[in-house]
Amino acid sequence: MFSRILGTGAYLPQRELGNKELSLMVDTSDEWIVSRTGIYSRHIAAADEATSDLAFHASRQAIDNSRIDPASIDLVIVATTTPDLVFPSTACILQDKLGIHNHGGAFDIQAVCSGFVYALSVADSFIHSGMHRTILVVGAEVMSRIVDWTDRSNCILFGDGAGAMILQASDEEGIIGCHIHADGRYVAQLCVPAGVSRNPDINAKLSMEGSSVFRMAVNTLDEIVDETLAASGMQKSDINWLVPHQANIRIIQATAKKLGMSMDQVIVTVGSHGNTSAASIPMAFHEGVSQGRIKQGDIVLMEAFGGGFTWGSVLLRR
Ligand code: COA
């Protein structure tokens, strides 16, 4: 039994924040941001838009593209670092917004920027086990709420958005393999240093040691490429598309180089989306599919690295 992708969707908030406007808010420049990150713009959610609202629009599109009845969705998984509420989960809120009242399961996954890869690996296991048949998997973030808009080294990097995917049990090959990892020794390098049970502070903001995170990300993604290829018995040349987490164009280029891939085989959205954490891979995948670049039967490698540290990959046949 395989997990096949039936359809995808994505949603970006209307407001775009370009580097020029950002350079009026903090001491930076378009030239600095583009040369270090490849980012020239990002989308910012409206004050009354929460993560579940972004997730709703992306999910509706994925459901429409899949041509399924929402009532057939027997599990909703939302990967997010910026949930609507402490509880209940954003997945429960989304389930209600979509009008899915069939008593299927719903829960959130927190693995920061690796969240979507984690969520796909969990969904794939549920389908393999026969426990669920049709799963809505979403990555949705309103990162703008946890960014310190006075910290020029971080606020230039992040954006808001949501991507969604419907997975269904099938005899045809879909997800080929998933790998997830974590190393909790690096919590302090990338975190929001406050929460519910420790240091409660509703105004706490994201903190990151940018250059060491950069180095760790490049080295770790190198290893996950080797691990994924070895486990699947595939060669680098078998992979048609790389759909990476969109954090920084230089990290993406390093992984493409490791795979011997031209940048024409990489779906890149970081320029206009910034880093949307768990939303970046499903939005990029949706873009690749809707532009007709990723075709039925293509082999796609998704990979991500994020706070925790967490990292992982998903290899699939479209
Ligand atoms: N505009 C202008 N100058 C800036 C700046 C900005 N937005 N942000 C930092 N600087 C300055 C620093 O103050 C520093 O100045 P100094 O040399 O006078 O002290 C200089 O630029 C270099 O800073 P540094 O942090 O070493 O830059 P960098 O080349 O490492 O680039 C990042 C910074 C954040 C772009 C880069 O480290 C990065 O992309 N890291 C990975 C982040 C990431 O992807 N995280 C998510 C993983 S999921």
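The values are calculated or read from the model by the stated rules, or taken from the named source; none is laboratory data. Just so it is clear, the structure is predicted and the values come from calculations on it, not from any experiment. Heads up, the Cβs are rebuilt from the backbone with ideal geometry, glycines too, and the neighbour counts pull from every protein chain shown. Keep in mind that these areas ignore ligands, DNA and RNA; they rest on the heavy atoms of the full protein, side chains included. Shrake-Rupley method; radii C 1.70, N 1.55, O 1.52, S 1.80 Å.
Evaluate segment 9-18: report whether one residue or more is on the phi < 0 side of the Ramachandran plot, open to solvent by less than 10 Å² (accessible area, probe 1.4 Å) and away from the ligand (no atom under 16 Å from the Cβ). Among the residues of segment 9-18, at least one is on the phi < 0 side of the Ramachandran plot, open to solvent by less than 10 Å² (accessible area, probe 1.4 Å) and away from the ligand (no atom under 16 Å from the Cβ), which makes the answer yes. Do we have any residue at all in segment 80-88 that's closer than 22 Å to L301 by Cα, surrounded by fewer than 22 Cβ atoms within 10 Å (Cβ to Cβ) and of a type in the set (S, T, Y)? No; the residues of segment 80-88 include none that is closer than 22 Å to L301 by Cα, surrounded by fewer than 22 Cβ atoms within 10 Å (Cβ to Cβ) and of a type in the set (S, T, Y). Looking only at residues in segment 267-318 that are charged (D, E, K, R) and open to solvent by 10 Å² or more (accessible area, probe 1.4 Å), the one that is nearest to the ligand (Cβ to nearest atom) is E287. Within segment 248-258, being touching a helix residue (DSSP H, G or I) at 6+ places or on another chain (Cβ under 8 Å) and either assigned to a helix (DSSP H, G or I) or surrounded by fewer than 22 Cβ atoms within 10 Å (Cβ to Cβ) (or both) holds for I249, R250, I251, I252, Q253, A254, T255, A256, K258. Residues that are touching a residue at least 24 places away in the same chain (Cβ under 8 Å) and surrounded by fewer than 17 Cβ atoms within 10 Å (Cβ to Cβ) were ranked within segment 221-231; the one that is nearest to the chain's Cα centre (by Cα) is D222.
Could we say that S125 is open to solvent by 60 Å² or more (accessible area, probe 1.4 Å) and not hydrophobic (A, V, I, L, M, F, W, C) here? Yes. Which of the residues that make up segment 128-146 are out of contact with any Pro (no Cβ under 8 Å at 6 or more places or on another chain) and crowded, with 24+ Cβ neighbours inside 10 Å? Across segment 128-146, the qualifying residues are I135, L136, A140, E141, V142, M143.
Restricting attention to segment 111-118, does a residue exist that is outside the structural domain of S207 (by TED's automatic domain parsing), in contact with a Ser or Thr (Cβ under 8 Å, 6 or more places away or on another chain) and hydroxyl-bearing (S, T, Y)? Yes; the residues of segment 111-118 include at least one that is outside the structural domain of S207 (by TED's automatic domain parsing), in contact with a Ser or Thr (Cβ under 8 Å, 6 or more places away or on another chain) and hydroxyl-bearing (S, T, Y).
Residue count for segment 150-183, restricted to those that are within 16 Å of the ligand (Cβ to nearest atom), within 20 Å of the chain's Cα centre (by Cα) and either farther than 22 Å from A55 by Cβ or surrounded by fewer than 20 Cβ atoms within 10 Å (Cβ to Cβ) (or both): 7. In segment 35-60, what residues are under 17 Å from the mean Cα position of the chain (by Cα) and either surrounded by fewer than 17 Cβ atoms within 10 Å (Cβ to Cβ) or polar (S, T, N, Q) (or both)? The answer is T51, S52, S59.
Is it the case that segment 132-149 has a residue that's among the small types (G, A, S), part of a loop (DSSP other than H, G, I, E, B) and at pLDDT 95 or above? No: zero hits. Summed over segment 195-214, residues that are part of a loop (DSSP other than H, G, I, E, B) and open to solvent by 30 Å² or more (accessible area, probe 1.4 Å) total 9. Restricting V268, V289 to residues that are outside the structural domain of N65 (by TED's automatic domain parsing), in a loop (DSSP other than H, G, I, E, B) and not charged (D, E, K, R) narrows the list to V268. Within segment 61-73, being in contact with a strand residue (DSSP E or B) (Cβ under 8 Å, 6 or more places away or on another chain), under 23 Å from S125 (Cα atoms) and buried (at least 18 other Cβ atoms within 10 Å of the Cβ) holds for A62, I63, S66, I73. Name the single residue, out of those in segment 215-240 being of a type in the set (S, T, N, Q) and assigned to a helix (DSSP H, G or I), that is nearest to A254 (Cα to Cα). Residue satisfying both the conditions and the ranking: N219. All of G104, G115, G99 fail the test of being open to solvent by less than 50 Å² (accessible area, probe 1.4 Å) and within 16 Å of the ligand (Cβ to nearest atom), apart from G115. Every listed requirement among (1) surrounded by 22 or more Cβ atoms within 10 Å (Cβ to Cβ); (2) more than 15 Å from the ligand (Cβ to nearest atom) is met by H245 save one, (2).
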